[in-house]
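Here the structure is laid out as structure tokens; the discussion comes afterwards.
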Amino acid sequence: MNKVIGRIIDNRQSGFIKNRSIFDSIYTTNVLFENSISDPNRTNGYLIMIDQEKAYDRVDWVYMYKCLEKFGFSQSFIDSLRNIYEGSNTRVCINGTLTEPIIIEQGQRQGDPLSPLL
């Protein structure tokens with residue numbers, strides 16, 4: 001996936017992509033800010049920063065599979081992801097006792113190297 005993600009994702013997206021860094025976004029923001037300050041004809045400007053709360057938890061698998069299909073990923077790759085995600089469960093340890101399995105029906109696995117790319 002790392003081989004193709006840089007061609008699919010817009011150049012302005014800098015996180016989790018080989019040869020890109022979050023510092024690219026910080027640098028771009030600083031340059032835009034400095035240019036706006038030094039422009040004598042400047043007009044009002046706004047900066048909007050968005051961080052999707054619980055983004056990993058909210059990923060809909062069916063939508064994710066459709067997006068991967070549209071981007072041209074192979075059916076075998078998509079099926080491999082289905083095998084990883086669908087039918088998975090977790091358990092919570094409360095006071096040393098594990099709960100019954102809880103079926104996971106959406107979301108990305110936090111810490112999984114694939115998650116930020118998906």
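For the reader, a short list of remarks on this structure follows.
- Highest average packing first - 84-94, 104-114, Cβ atoms within 10 Å: 104-114, 84-94
- Rounded to the nearest 500, the 222 nm mean residue ellipticity of the chain from helices alone is -11500 deg cm²/dmol, with -39,500 (n - 2.57) taken per DSSP H run of at least 4 residues.
- Degrees, to the nearest 10: 75-85 long Cα axis against longest axis of the chain: 70
- The distance between label points at S74 and E105 comes to 3.3 nm (points 7 Å beyond Cα on the Cα→Cβ vector).
- Candidate values (1) 112; (2) 167; (3) 123 were compared with volume of the Cα convex hull per residue in Å³ computed on the shown model; the agreeing label is (2).
- Degrees, to the nearest 10: 61-70 long Cα axis against longest axis of the chain: 60
- The chain: angle of helix 22-38 to the longest principal axis, Cα-based, in degrees nearest 10: 30
- For the range 1-50, with +1 on Lys and Arg beta carbons and -1 on Asp and Glu, the positive-most of N44, I8, F23 along the dipole: I8
- The modelled label-to-label distance for the pair I37/I94, using points 7 Å beyond Cα in the direction of Cβ, is 5.3 nm.
- Between D112 and N19, the simple label model (points 7 Å from Cα in the Cβ direction) yields a spacing of 2.8 nm.
- For the range 53-117, the Cα-based Rg and Dmax, in that order, read 13.9, 47 Å.
Every number in this text was worked out from the coordinates using simple rules, so none of it is lab data. Please read these numbers as outputs of a predicted model, since none were measured by experiment. When we count neighbours, we look across all protein chains shown, and the Cβ atoms used for this are built from the backbone with ideal geometry, even at glycine.
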